1. Is it the case that the stretch 71-80 has a residue that's out of contact with any strand residue (DSSP E or B) (no Cβ under 9 Å at 6 or more places or on another chain) and open to solvent by 30 Å² or more (accessible area, probe 1.4 Å)?
2. Among the residues of the stretch 106-142, what is the count of those that are touching a Gly at 6+ places or on another chain (Cβ under 8 Å) and either open to solvent by 40 Å² or more (accessible area, probe 1.4 Å) or free of Cβ contacts under 8 Å to residues at least 60 places away in the same chain (or both)?
3. In this structure, is Glu154 in a loop (DSSP other than H, G, I, E, B) and either under 30 Å from Asp36 (Cβ atoms) or without any contact (Cβ under 8 Å) to a residue 12 or more places away in the chain (or both)?
4. Could you check, for the stretch 90-103, whether at least one of its residues is touching a Leu at 6+ places or on another chain (Cβ under 7 Å), closer than 21 Å to Gln7 by Cβ and open to solvent by 50 Å² or more (accessible area, probe 1.4 Å)?
5. For the stretch 58-117, how many residues meet the condition of being of a type outside the set (Ser, Thr, Tyr), part of a strand (DSSP E or B) and closer than 22 Å to His39 by Cβ?
6. Output yes when any residue across the stretch 147-162 is closer than 22 Å to His59 by Cα and polar (S, T, N, Q), and no when none is.
7. Scan the stretch 15-61 for residues that are touching a Pro at 6+ places or on another chain (Cβ under 9 Å) and either open to solvent by less than 40 Å² (accessible area, probe 1.4 Å) or over 24 Å from His126 (Cβ atoms) (or both) and report the count.
8. Which ones in the stretch 118-146 are part of a loop (DSSP other than H, G, I, E, B) and either at pLDDT 90 or above or under 13 Å from the mean Cα position of the chain (by Cα) (or both)?
Amino acid sequence: MAFIFNQKELAFEANKQAPEQFQLKTSIPRLSKVTDSKHLVFDFRQLEPGKYSFPYHFHRNAEEIIFILSGSMTLRSKDGFREVKQGDLIFFEIGETGAHQFYNHTDANCSYFDLRTSVGIDVCEHPDSGKINILPFFENFVKDNQIGYFDGEEDIDSKWKSQQL
């Protein structure tokens with residue numbers, strides 16, 4: 001089945017839980033949910049003047065493409081800051097080198113199409129705040145609490161001895 005979406009025919013809504021400076025608007029309904037997409041997450045987005053897209057982040061198991069439909073905004077990446085504008089296609093690779101964030105430095109809305117791969121679980125890391133976000137569950141943790149793989153496993157013998165037949 002073919003699904004056809006026109007951004008001019010869609011409603012847009014910001015995340016009600018997001019702070020004022022992160023009021024990125026996303027097409028409603030969420031397009032990848034409407035299509036029941038198995039491996040892609042995609043939406044039209046609108047970033048108003050003076051707003052940020054998301055906290056600075058990168059994905060450990062997802063590639064992302066942004067296509068600017070109208071307007072312009074500033075991209076923050078590992079390479080620094082750069083203006084992106086209508087017609088630009090931006091690819092973000094998996095890992096730290098794909099870190100990104102947008103800020104609308106202009107006095108007009110910036111509209112873009114956001115496409116991300118989704119192959120099971122993704123870990124989204126936020127270098128500024130030290131958080132990690134487990135997607136698609138949106139479970140957030142502080143990375144500084146990282147422990148060793150075998151930490152807490154010291155008493156394994158007692159668990160097995162209590163189960164001996």
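The values are calculated or read from the model by the stated rules, or taken from the named source; none is laboratory data. Model, not experiment: these values are computed from the prediction. For neighbour counting, all protein chains shown are included, and Cβ atoms are generated from backbone atoms with ideal geometry for every residue, glycine included. Heavy atoms of the whole protein, side chains included, go into the accessibility calculation; ligands, DNA and RNA do not. Shrake-Rupley method; radii C 1.70, N 1.55, O 1.52, S 1.80 Å.
1. First pass over the stretch 71-80, keeping only residues out of contact with any strand residue (DSSP E or B) (no Cβ under 9 Å at 6 or more places or on another chain): 79-80.
Pick out the ones that are also open to solvent by 30 Å² or more (accessible area, probe 1.4 Å) and you get 79.
Yes, some residue in the stretch 71-80 is out of contact with any strand residue (DSSP E or B) (no Cβ under 9 Å at 6 or more places or on another chain) and open to solvent by 30 Å² or more (accessible area, probe 1.4 Å).
2. Within the stretch 106-142, the first condition is being touching a Gly at 6+ places or on another chain (Cβ under 8 Å), and the residues that meet it are 106, 108-111, 142.
Still in the running and either open to solvent by 40 Å² or more (accessible area, probe 1.4 Å) or free of Cβ contacts under 8 Å to residues at least 60 places away in the same chain (or both): 106, 108-109, 142.
Residues flagged as touching a Gly at 6+ places or on another chain (Cβ under 8 Å) and either open to solvent by 40 Å² or more (accessible area, probe 1.4 Å) or free of Cβ contacts under 8 Å to residues at least 60 places away in the same chain (or both) within the stretch 106-142 amount to 4.
3. Numbers: in a loop (DSSP other than H, G, I, E, B): yes; either under 30 Å from Asp36 (Cβ atoms) or without any contact (Cβ under 8 Å) to a residue 12 or more places away in the chain (or both): yes.
Taking the combined requirement at face value, the residue satisfies it.
4. no
5. Total meeting the criteria: 15.
6. No - not one qualifying residue is present in the stretch 147-162.
7. Within the stretch 15-61, residues that are touching a Pro at 6+ places or on another chain (Cβ under 9 Å) and either open to solvent by less than 40 Å² (accessible area, probe 1.4 Å) or over 24 Å from His126 (Cβ atoms) (or both) number 4.
8. The initial filter retains those residues of the stretch 118-146 that are part of a loop (DSSP other than H, G, I, E, B), namely 118-121, 127-130, 136-138, 146.
Within the stretch 118-146, Ser118, Val119, Gly120, Ile121, Pro127, Asp128, Ser129, Gly130, Pro136, Phe137, Phe138 meet the criteria.
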